[in-house]
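Here is the structure we will look at.
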Amino acid sequence: MVILGAGPAGLVLGNLLLRAGIDCAVLERAGREDVQNRARAGFLAANTVRILARNGLDGGLRRRGQEHGVCEFRTEEGRFRLDYGRLGDREPHTVYPQHELVTDLLARFLDAGGRIRFDTEAVAVSDADGPTPAVTVREADGRPGRWRARYVAACDGRHGAGRRSLPPGSVRRYHRDHGVSWLGLLAEAPPSLDAVGYALHPRGFAGHMARSAEITRYYLQCERGTPAGAWSEDAIWDELDLRMRSTEYGPLRRGRVVQRAVVDLRSDVLEPLRHGALFLVGDAAGLISPSAAKGANLAVLEAEILAHALTTALTQGDPGPLAGYSDRCLSHIWRAQEFSHWMIRLLHDDPGSPNPSGPSGASGASGASGPSDSEGAPPFQERLRRARIASLRGSRAQQDWFAVNYVGI
């Protein structure tokens, strides 16, 4: 078995296959230090924690993970909190930075005798319809190489060799650009809230997500095409203070911004997730916006489903679970996509309206463009968004629905 990519999907899959006695090798285009320091998501769903626990992969998580079950919404009508860990299925998230999880999974894989080749870029997958597909690679020294295996798992993202190698017409792609961009920030600053913070402001969305006692993730909605370095640190913090309404609810704890990147909110799903002996897992199977923290959780779930299916096929001679891999994963992917889309519509104005202001105070604030018809009524999407917020604030049934879908995958 050849696994492309040493992220959560690839390393969970590799660990589970080794545990079942199935030989596998992981090919990773980055170096080990880069893999262990890639800052990504940090909110693990309850089901993800269960998967890691039942497979003995939760050592670091049990020691350093923090349960989290509250989110706070800040709007022009005030603020309210949802203790979602006590609503719906009564399941919280566990905050555990992804790079720490990857470090744990990598150490476990190597300790179990797993083979991993860093600085080895998969270029193409060929012969996926045959008995032994081939993976062409570029080795660390630049020389070409080739690996062969009974199966190949593409856990190498939406731009990886797995997706690129699919024959034309073999899959159907479902794609949506939500018309929203976020400036994602990682700050060396303690969390300013004991909750996930969602701020809805006429100038655009702002978000606060704790990562550790010293690191906090922030998001600022920005105009499409904005360079990540366009704003100074002072301008970033001033804008976060404004949108998070710090004068009303308390100042933010400031610190050095150590990472920044602009994320265009897009969704992308392929069907089916299998072509012969090539399987798509994680972001290679479906890209989801970060609005509901589903990406890493889907990746771990899909890796477990594939590991079980491969083990059943290779040790029991039963190909049934492999045949059902795509449909089973897609049911989870589309559920997550639906809720992610709902969250995008909750947190942002109609993407067709003017772009949000930057920290310079330029005009064109989202939701402040004025009436959309002759009677002077506010934009239709804004009124719908306010109705959703009001329902979430006041309806226990809506709160339970939110909690189940916010944590569930």
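The values are calculated or read from the model by the stated rules, or taken from the named source; none is laboratory data. If you're wondering where the values come from, they're calculated on a predicted model, not measured in any experiment. Because the Cβ atoms are built from the backbone with ideal geometry, glycine has one as well, and the counts that use them run over all protein chains shown. To get the accessible areas, we keep the full protein, side chains included, count just its heavy atoms, and leave off ligands, DNA and RNA. Shrake-Rupley method; radii C 1.70, N 1.55, O 1.52, S 1.80 Å.
To the nearest ten degrees, helix 8-19 and the longest principal axis of the Cα atoms of the chain are 30 degrees apart. Mean sequence separation of contacting Cα pairs (under 8 Å, at least six apart), scaled by the length of the stretch 117-168, corresponds to a relative contact order of 31 percent. Given the rule -39500 (n - 2.57) for each run of at least 4 DSSP H residues, summed and divided by the residues of the chain, what is its mean residue ellipticity at 222 nm, to the nearest 500 deg cm²/dmol? Mean residue ellipticity, 222 nm, calculated: -10500 deg cm²/dmol. If you take every DSSP beta bridge whose two residues both sit in the chain, what share of them, in percent to the nearest 5, is antiparallel? Close to 75 percent. Distance distribution P(r), the stretch 253-350, all Cα-Cα pairs, bin width 10 angstrom from 0: 14, 39, 26, 14, 6, 1 percent. Taking the Kirkwood radius as Rh and the Cα radius of gyration as Rg, the stretch 184-334 has a ratio of Rg/Rh equal to 1.13.
Per the Debye formula with a single identical scatterer at each Cα and no solvent contribution, what log10 I(q)/I(0) holds for the stretch 47-203 at q = 0.09 Å⁻¹? Scattering profile of the stretch 47-203, log10 relative to I(0): -0.54. Calculate the translational D of the stretch 129-195 in whole µm² s⁻¹ from Stokes-Einstein, where the hydrodynamic radius comes from the Kirkwood formula applied to all Cα pairs, the temperature is 20 °C and the viscosity 1.002 mPa s. It diffuses with D of about 128 µm²/s by this estimate. With just the Cα atoms defining each centre, how far is the stretch 286-353 from the stretch 46-63? Give it in Å. Centre-to-centre distance over Cα atoms comes out at 19 Å. Counting only alpha carbon atoms, the long axis of helix 295-316 and the longest principal axis of the chain meet at about 20°.
Against the longest principal axis of the chain, how steep is helix 325-347, in degrees 0 to 90 to the nearest 10, with axes from Cα atoms? The angle comes out at about 20 degrees.
Restricting the calculation to Cα atoms, every distinct pair contributes to the Kirkwood radius of the stretch 20-71, found to be 13.8 Å. Normalised radius of gyration (Cα atoms, divided by 2.2 N^0.38 Å) for the stretch 182-251: 1.04. For the pair A235 and R176 in one chain, pulling the backbone fully straight at 0.36 nm per residue adds 18.1 nm over the alpha carbon distance. Computed over the stretch 66-136, the quotient of the alpha carbon radius of gyration and 2.2 N^0.38 Å is 1.98. Convex hull volume of the Cα atoms of the chain, normalised per residue: 150 Å³. Relative contact order, whole percent, for the stretch 199-333 stands at 15, derived from Cα pairs under 8 Å and 6 or more residues apart.
Qualifying GluC sites (Glu not before Pro) in the stretch 11-120, where qualification requires a DSSP coil assignment and no more than 13 other C-beta atoms within 10 Å, comprise E76, E77. Averaged per residue, the stretch 117-201 has 46 square angstrom of accessible surface, using a 1.4 angstrom probe with ligands and nucleic acids left out.
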